[in-house]
Amino acid sequence: MSSRQTYDFVIAANRLPVDRHVHPDGSYEWRTAPGGLVTAMESVMRGWESGAAWVGWAGFPGEAPEPFDDGKLRLHPVPLSGKELSDYYEGFSNDTLWPLYHDVIVAPTFHRSWYTCYREINQRFADAICEVAAEGATVWVHDYQLQLVPAMVRDQRPDLRIGWFNHIPFPPVELFAQLPWRESVLRGLLGADFLGFQRPDDARNFGRACRAVLGATTKGEKVEWVGTDDGRLGAAPRTVRAAAVPISIDASGFRELADSPEVTARAAEIRASLGDPEVVLLGVDRLDYTKGIRHRLRAIGELFEDGEIAPDQVTFVQVATPSRERVEAYRTLREQIEGMVGRINGDVSHLGATAIHYLHQSYGREEMAALFRVADVMLVTPLRDGMNLVAKEYVTARHDGGGALVLSEFTGAAEEMPQAYRCNPHDIAGLKETILRAIRADPEEKERRMRSLRRRVRKHDVQSWAGDFLAGLEAAPERPSRSGAKGDS
Ligand code: ADP
Ligand code: F6P
């Protein structure tokens, strides 16, 4: 038995909330890790009263640092070698599962050796969780990188309460069925007591996959699997609950930040540095093919070329966070996007009036909030996205009553944000019309829409999401008696 301290609450995600960045001189610094998962869970854990542990990768290959404290949170780094990074993270997680779970926008790659590595790393995470979890602890596993972990943990520690939340879509069974390891993945997931998804459709897709692939039965949100005696992982009978619990943001914290004098001053500075245009359009995404950045650029490029908008009045700022840069599809995307930006700017910009400002960088929360404050129209045009927290951050930052949100119907956010200017990013003509509508709409209409959107996000913020998830986990496989969502105010 290890002498390590154990915790009543354990989070496991592929990444720790911080990444270690090593400088050329060998010194290093810890930076906030990218992505919506960390944004959301970091704010949940900031308000957490008792101790908790977070098991995850520290963001660099090789030996893992010793466990360390980050406020009340104990961080437990899991090591990944360069080869494991390439097979488990870049390979199986991001070149097999990611495209398969996002409507096969690019073709998924299937390699048996990648899956073998994925299974080994999932076991490593499961072992680390079991080491730090106290007797009867609650374990919250996150996302598609760790789908075998629930059953692996249950195998060793039947005393634990295990939840899993999927930050990305769960695909229709017609696509999921392509996965050669579909049965193992479902048996891995059924190790959880409660499985949370972004949309009701994702939870239903999971239930349908369990029926089709395992022969399980479903009744409402309950999934029942009679088990097998084949001795493989997840052979025991299970009854679990799978339901939608849409993720959100720390609305009050983000609003406070966006309203601060520093962010207000920075927003004015950004606007002036852009040449004080009449209209600023903004896109903020990880540089990912799911985000529809090419479709957005195509629409905007055509609007400039058609003369519907002119660069001395309208400018488009695209912030694209570097992401998964060693995966081929991401490298290709970067080349395509940078080629498009260069071509459009070359064709339509004038000296002193740049049509597109493209920034391939990461920024702090303050700078993001300032950019949102500057944006007259926010363009969120993914081809498929589990939720999209950027949409929720934008409406929250625009407490001043300004702004307009163009939102793809293929995001989880679209289900909760019907007052946005909805678009189908595949329909370039329709997207152009929607962008123009959002630019030209009467300010009262825009304000009305933004007010309802803000209210929705304030009511269903990240704290109520975490409360709903944990209530679901506690009551599973039954439904909890009441929801944690905040009342109207
Ligand atoms: P995903 O999880 O797919 O990256 P989300 O929209 O759900 O997408 O979450 C992205 C998170 O990362 C948001 O909190 C957003 O503010 C943040 N973010 C996006 N781009 C940048 C950037 N360039 N610099 C800093 N933060 C960023
Ligand atoms: O939200 C989806 C997600 O894949 C998270 O799991 C992840 O933290 C984020 O996007 C960023 O991706 P990555 O960890 O691969 O940089």
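A single member of 454, 448, 437, 458 is touching a strand residue (DSSP E or B) at 6+ places or on another chain (Cβ under 8 Å), among the charged types (D, E, K, R) and modelled with pLDDT of 95 or more, and it is 437.
Screening 93, 113 for residues that are closer than 22 Å to residue 42 by Cβ and not in a strand (DSSP E or B) leaves exactly one candidate, 93. Would you call residue 414 assigned to a helix (DSSP H, G or I) and away from ligand 1 (no atom under 16 Å from the Cβ)? Against the criterion (assigned to a helix (DSSP H, G or I) and away from ligand 1 (no atom under 16 Å from the Cβ)), residue 414 does not qualify.
Within segment 307-324, the set of residues being in contact (Cβ under 8 Å) with a residue 12 or more places away in the chain and over 23 Å from residue 374 (Cβ atoms) comprises 323, 324. Among the residues examined, residue 115 does not qualify as within 16 Å of ligand 2 (Cβ to nearest atom) and either under 19 Å from residue 231 (Cα atoms) or among the hydroxyl-bearing types (Ser, Thr, Tyr) (or both).
Do you know which residues across segment 278-305 are hydrophobic (A, V, I, L, M, F, W, C) and assigned to a helix (DSSP H, G or I)? Those that are hydrophobic (A, V, I, L, M, F, W, C) and assigned to a helix (DSSP H, G or I): 293, 297, 299, 300, 303, 304.
Scanning segment 163-191 for residues that are within 22 Å of the chain's Cα centre (by Cα) and among the small types (Gly, Ala, Ser) returns 163, 188. Only a single item in (1) of a type outside the set (Gly, Ala, Ser); (2) more than 29 Å from residue 264 (Cβ to Cβ); (3) crowded, with 20+ Cβ neighbours inside 10 Å; (4) within 16 Å of ligand 2 (Cβ to nearest atom) is not met by residue 368, and it is number (2). Of all the criteria given as (1) farther than 21 Å from residue 153 by Cβ; (2) of a type in the set (Asp, Glu); (3) touching a residue at least 40 places away in the same chain (Cβ under 8 Å); (4) in a strand (DSSP E or B), the one not satisfied by residue 8 is (1).
For (1) more than 29 Å from residue 131 (Cβ to Cβ); (2) among the aliphatic types (A, V, I, L, M); (3) surrounded by 23 or more Cβ atoms within 10 Å (Cβ to Cβ), each residue gets a yes or a no:
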residue: 150; (1), (2), (3): no, no, yes
residue: 189; (1), (2), (3): no, yes, yes
residue: 192; (1), (2), (3): no, yes, yes
residue: 198; (1), (2), (3): yes, no, yes
residue: 201; (1), (2), (3): yes, no, no
residue: 213; (1), (2), (3): yes, yes, no
residue: 226; (1), (2), (3): yes, yes, no
residue: 229; (1), (2), (3): yes, no, no
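On inspection, residue 275 qualifies as more than 16 Å from ligand 2 (Cβ to nearest atom), outside any helix (DSSP H, G or I) and farther than 20 Å from residue 433 by Cα.
Here 312, 285, 306 are screened, and the one residue that is within 16 Å of ligand 1 (Cβ to nearest atom) and of a type in the set (D, E, K, R) is 285. Looking only at segment 101-115, residues that are within 16 Å of ligand 1 (Cβ to nearest atom) and under 19 Å from residue 412 (Cβ atoms) come to 4 in all. Looking only at segment 14-35, decide whether some residue is basic (Lys, Arg), free of Cβ contacts under 8 Å to residues at least 60 places away in the same chain and either assigned to a loop (DSSP other than H, G, I, E, B) or out of contact with any strand residue (DSSP E or B) (no Cβ under 6 Å at 6 or more places or on another chain) (or both). The answer is no; no qualifying residue exists.
The set of residues from segment 167-198 being within 16 Å of ligand 1 (Cβ to nearest atom) and either assigned to a helix (DSSP H, G or I) or among the polar types (S, T, N, Q) (or both) comprises just one member, 198.
The values are calculated or read from the model by the stated rules, or taken from the named source; none is laboratory data. Keep in mind that what you see is a predicted model, and the values were worked out from it rather than measured. As a convention, Cβ positions derive from the backbone with ideal geometry for all residues, glycine included, and neighbour counts pool all protein chains shown.
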